[in-house]
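The next block holds one structure in the form of structure tokens; read it before the comments.
The values are calculated or read from the model by the stated rules, or taken from the named source; none is laboratory data. Everything numeric in this text was worked out from a predicted model, so none of it was measured. Because the Cβ atoms are built from the backbone with ideal geometry, glycine has one as well, and the counts that use them run over all protein chains shown.
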Amino acid sequence: MNTPTAAVPALELANVTLELGDGDGRVRALDEVSLTVQAGEFVAIVGPSGSGKSSLLAVAGALSPVDAGTVRVHGTDLATLRSGAAARFRLSTIGFVFQSGNLIPALTAADQLRLAGRLAGNRAVDPAPLLDAVGMAHRAGNRPGQLSGGERQRVGIARALVNEPSLLLVDEPTAALDRTRSHEVVALLAEQARRSKVAVVMVTHDHDVLEHCDKVFEMVDGKLSAVAASTGSR
């Protein structure tokens, strides 16, 4: 597993600035943002739409270059990676969990995981242990259209963990879920952070689930600030 040592954070943003758009429409999506997340730590980022939360995930996930500052994942400066190397790095070191799971409609739950492994060069993926870990072993042969919203999210989490990432980036995982399912999914993320020692960064509008997180930050107008320390179940 690509687990950082104690001395190397899973994610480190140092004075990161990112501007988007052109001319008069150019905006500063990230304004000298600094953030450090250690292995096994579960961090939530809240804030209004358009505040820069998705931009933070994009730069942390090696999907967008920054205009200033440094982004390191597992000690690697993302600015040193060319496009091909960045793609390979994402597959091996970073996992992504999207809204509603973002699963491939034609594939079963088990095949979603097998495909993720093959894309990273691992053709020997056994999906059973991960599906069991997220409570979805009994649905291994089902396609996304046969699963509930919460079940799709669980499969999405399992798929994101296939390649044993150091960093898991999670985008609004409860957006389509009711309150009970929202807590189940976020509690599962917290459990996986603790069990697998993967660093989890979750962007969310759902303040009800923040009790499961170790740290909470708020993004407003591209600026990030700590707002609370969790007193939840972790």
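Quick one: H74 ticks every box in (1) modelled with pLDDT of 95 or more; (2) in contact with a Pro (Cβ under 6 Å, 6 or more places away or on another chain); (3) crowded, with 19+ Cβ neighbours inside 10 Å bar one, so which box is it?
Evaluating H74 over (1) modelled with pLDDT of 95 or more; (2) in contact with a Pro (Cβ under 6 Å, 6 or more places away or on another chain); (3) crowded, with 19+ Cβ neighbours inside 10 Å leaves (1) as the failure.
Kindly indicate whether any position in region 51-59 is under 15 Å from N15 (Cβ atoms) and part of a loop (DSSP other than H, G, I, E, B).
Scanning region 51-59, I find at least one residue that is under 15 Å from N15 (Cβ atoms) and part of a loop (DSSP other than H, G, I, E, B), so the answer is yes.
Using the structure shown, decide if G156 is crowded, with 21+ Cβ neighbours inside 10 Å, within 25 Å of G61 (Cβ to Cβ) and not β-branched (V, I, T).
Values: crowded, with 21+ Cβ neighbours inside 10 Å: yes; within 25 Å of G61 (Cβ to Cβ): yes; not β-branched (V, I, T): yes.
Answer is yes for this residue.
Among L177, L169, which is buried (at least 21 other Cβ atoms within 10 Å of the Cβ) and in contact with a strand residue (DSSP E or B) (Cβ under 9 Å, 6 or more places away or on another chain)?
Details: L177 fails: in contact with a strand residue (DSSP E or B) (Cβ under 9 Å, 6 or more places away or on another chain).
The conditions single out L169.
Examine region 8-20 for a residue that is over 15 Å from the mean Cα position of the chain (by Cα), under 20 Å from L161 (Cβ atoms), buried (at least 22 other Cβ atoms within 10 Å of the Cβ) and in contact (Cβ under 8 Å) with a residue 24 or more places away in the chain, and state whether such a residue exists.
Yes: region 8-20 contains one or more residues that are over 15 Å from the mean Cα position of the chain (by Cα), under 20 Å from L161 (Cβ atoms), buried (at least 22 other Cβ atoms within 10 Å of the Cβ) and in contact (Cβ under 8 Å) with a residue 24 or more places away in the chain.
With respect to L189, determine if the residue is surrounded by 18 or more Cβ atoms within 10 Å (Cβ to Cβ) and over 29 Å from E12 (Cβ atoms).
On the way: surrounded by 18 or more Cβ atoms within 10 Å (Cβ to Cβ): yes; over 29 Å from E12 (Cβ atoms): no.
Taking the combined requirement at face value, the residue does not satisfy it.
Suppose we filter L35, L63, L57, L81 for residues that are farther than 27 Å from R195 by Cβ and either surrounded by 14 or more Cβ atoms within 10 Å (Cβ to Cβ) or free of Cβ contacts under 8 Å to residues at least 24 places away in the same chain (or both); which single one remains? Walk me through it before giving the result.
Details: L35 fails: farther than 27 Å from R195 by Cβ; L63 fails: farther than 27 Å from R195 by Cβ; L57 fails: farther than 27 Å from R195 by Cβ.
Step by step, each of L35, L63, L57, L81 is checked, and only L81 is farther than 27 Å from R195 by Cβ and either surrounded by 14 or more Cβ atoms within 10 Å (Cβ to Cβ) or free of Cβ contacts under 8 Å to residues at least 24 places away in the same chain (or both).
A quick yes/no check of all residues on (1) assigned to a helix (DSSP H, G or I); (2) among the charged types (D, E, K, R); (3) in contact (Cβ under 8 Å) with a residue 60 or more places away in the chain:
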residue: P173; (1), (2), (3): no, no, yes
residue: H183; (1), (2), (3): yes, no, no
residue: V186; (1), (2), (3): yes, no, no
residue: Q192; (1), (2), (3): yes, no, no
residue: H205; (1), (2), (3): no, no, yes
residue: D208; (1), (2), (3): yes, yes, no
residue: E211; (1), (2), (3): yes, yes, no
residue: F217; (1), (2), (3): no, no, yes
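Consider A44 carefully, then state whether it is under 30 Å from L177 (Cα atoms), in a loop (DSSP other than H, G, I, E, B) and of a type in the set (A, V, I, L, M). Before the answer, list the steps.
Values: under 30 Å from L177 (Cα atoms): yes; in a loop (DSSP other than H, G, I, E, B): no; of a type in the set (A, V, I, L, M): yes.
No: the conditions fail for A44.
Could you please let me know if K215 is within 17 Å of T36 (Cα to Cα), basic (K, R), surrounded by fewer than 23 Cβ atoms within 10 Å (Cβ to Cβ) and within 14 Å of the chain's Cα centre (by Cα)? Even if it seems obvious, please write down each step before you answer.
On the way: within 17 Å of T36 (Cα to Cα): yes; basic (K, R): yes; surrounded by fewer than 23 Cβ atoms within 10 Å (Cβ to Cβ): yes; within 14 Å of the chain's Cα centre (by Cα): no.
Considered against the rule, which asks whether it is within 17 Å of T36 (Cα to Cα), basic (K, R), surrounded by fewer than 23 Cβ atoms within 10 Å (Cβ to Cβ) and within 14 Å of the chain's Cα centre (by Cα), K215 comes out as no.
So which residues in region 169-184 are of a type in the set (D, E) and under 17 Å from the mean Cα position of the chain (by Cα), if there are any at all? Spell out how you get there, then give the answer.
Step one: filter region 169-184 for residues of a type in the set (D, E), giving 171-172, 178, 184.
If the condition is that a residue be of a type in the set (D, E) and under 17 Å from the mean Cα position of the chain (by Cα), then D171, E172, E184 are the ones that fit.
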